[in-house]
Structure formats: structure tokens, C-alpha cells
Amino acid sequence: MRLISANVNGVRAAARKGGLGELLDQRADVIALQEVRATSAQLAPVLAQAGFGSWSVVHAAADRAGRNGVAILARTPVTRVRIGLPGFTTDGRWLEADLGADLTAISVYVPKGLAGEPPQEDKMRFLTAMTERLAELRTAGGDVVVAGDLNVARTEEDIKAWRQRVGKSGFLPEERAHLTGWEDAGWTDVGRALAGPGPGPYTWWSQRGRAFDNDAGWRIDYVWASPDLGARATRAEILRAASWDRRWSDHAPLVVDFA
């Protein structure tokens, strides 16, 4: 199975820039999208025109137009869908799709936060709700894959200029502790497990300055897998654009293969 996690930074813009075609060319079985920024009525024709017309598509849009939104595209039928976490049901940040009886795929977009401000409180509440849901999924058993933009750099290896981010959202100890707890509970951070020690590889670069050219990035896009599935991960690749002008999102897709 090949899975892709991609923050598309607006699915309609990504389609115009050739991003959806790039994802289709990867011959994936499952694609988790974040920051779709479209209604379901807008999403369907964009995906059909890009070549995903025969795929199963499920989508959790935000109640605020033009914001957030997550989706899952699959070659196989989706048998059940669950949207949202407690306290976060209408903001387009959490989507679970059962693919047959063998796999649950999740697309997630964690809030960005702002240290010391109300947005950070929302981010921490979301991470707490996510941690509780992951514990429920582990207890239920079965193969689960969680893919998305977590807006957290897990360790110093996951952010180029980490010293500049100490005490700031995205690199706060209390944020990172959630990710450490997931690993302690048996979840596999597939990207890091297959890449080995860092620094990098990164998945997001600021649009400002020469961050992309200097590879001054963050690893904030993840694929986490339940234990048995994580053990079957064989390959991970970040589809970093060849040059700044060939980017179609400020994120790069993460591609993971499972045996």
C-alpha cells in the first residue's frame, strides 16, 4: 500500500499549479489532504478533472468558508466515516475513514497556535483530544494510519533553526510531549523511523526569504502508524520540489509505502 499525506494549501490552487497531477502520478492507494479550503461541491469537480473521478472521496469541510478542510482519497470503497474530535467537530481538522475491514485512515490538520494567546489554548485542547482518540484506537486494535500536518516539530532534528523557536508555538515542550507520548504508546513515526537520524528531512518551508533555497525548514507533516502497520513500513520519501518556482504548496507531500 502506498499512502501520501499532502497539505495542498488550497486544493483549487494546487490543481491549477499541477499539484494534484503530481500526486496522481505517484500511483498511491490512499491520499490524505489537508488545508483543502473548499466545499464538497467545489472539491468534487476539481478532483474529477485531475483524474480522481473513480476514487472514493470523503471530506470534512470547515464551517468557515475558505479555511482548513481535510479529505481522504482512496482507490477502495470507504465503509465508514467519522468526522471531528470532541470540541472540534465543525472546523475541518479531523477525518477518519474505514477502508474495508482492514484499515482506518485519518487525515488531520492541527491548529497552528500562538504561545501565550487563546489560539495556543485551542491547539493544546486539540492535541489532548487527539491523544485521547489515538488511545481509543489503540485499544480497539486493527491497523490505523494517521497522516497530516501537526504544526509541531517533534525534536531538534525536525527544525533547522530550532534555537530560534524555543518558547514559541510549534516547538513548545508541552506540544512535543504529546508526540513523544504517542511513540511511548506504540505508534510509529514512520517518516523518522525510515529516514534515520536528522537533521531533517523537512516538509515545510516559509514563503519568506530564502528558506526553501537554504533548506531552512520544519518537519511538521507526519505519518503515524499503529504497531503492526508501522512494522510493515518499507519506504518514505518527501517530494521536495526541484526549485522554489516549481512548488505548488509551502508543504511537500510525504509518501510512505507499506508491505
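The values are calculated or read from the model by the stated rules, or taken from the named source; none is laboratory data. Predicted, not measured: the structure shown is a model, and the values here were computed from it. Because the Cβ atoms are built from the backbone with ideal geometry, glycine has one as well, and the counts that use them run over all protein chains shown.
Things to note:
- Residue selected from segment 66-106 under the condition touching a Lys or Arg at 6+ places or on another chain (Cβ under 7 Å) and on the phi < 0 side of the Ramachandran plot, by the criterion surrounded by the most Cβ atoms within 10 Å (Cβ to Cβ): 70
- The listed residues are 227, 201, 197, and the only one of them that is under 20 Å from the mean Cα position of the chain (by Cα) and farther than 20 Å from residue 106 by Cβ turns out to be 201.
- If you go through segment 192-214 and pick out every residue that is modelled with pLDDT under 90 and among the polar types (S, T, N, Q), you end up with 1.
- Number of residues in segment 140-174 that are touching a His at 6+ places or on another chain (Cβ under 8 Å) and either among the hydroxyl-bearing types (Ser, Thr, Tyr) or over 30 Å from residue 101 (Cα atoms) (or both) equals 1.
- Taking each residue of segment 175-196 that is crowded, with 16+ Cβ neighbours inside 10 Å and looking for partners that are part of a helix (DSSP H, G or I) and among the β-branched types (Val, Ile, Thr) with beta-carbon atoms closer than 6 Å, six or more apart or interchain, yields 178/131.
- So residue 152, is it crowded, with 16+ Cβ neighbours inside 10 Å, out of contact with any helix residue (DSSP H, G or I) (no Cβ under 6 Å at 6 or more places or on another chain), among the aliphatic types (A, V, I, L, M) and under 20 Å from residue 219 (Cβ atoms): no
- Failed condition for residue 93, given (1) farther than 27 Å from residue 125 by Cα; (2) modelled with pLDDT of 95 or more: (1)
- Scanning segment 250-259 for residues that are out of contact with any Leu (no Cβ under 7 Å at 6 or more places or on another chain) and closer than 14 Å to residue 211 by Cα gives 250, 251.
- Residues that are in contact with a strand residue (DSSP E or B) (Cβ under 9 Å, 6 or more places away or on another chain) and part of a loop (DSSP other than H, G, I, E, B) were ranked within segment 217-243; the one that is surrounded by the fewest Cβ atoms within 10 Å (Cβ to Cβ) is 232.
- Among the residues listed as 184, 158, the single one being acidic (Asp, Glu) and under 18 Å from the mean Cα position of the chain (by Cα): 158
- Selection of segment 12-43 for residues being without any contact (Cβ under 8 Å) to a residue 40 or more places away in the chain and in a helix (DSSP H, G or I) yields 12, 15, 16, 20, 21, 24, 25, 40, 41, 42, 43.
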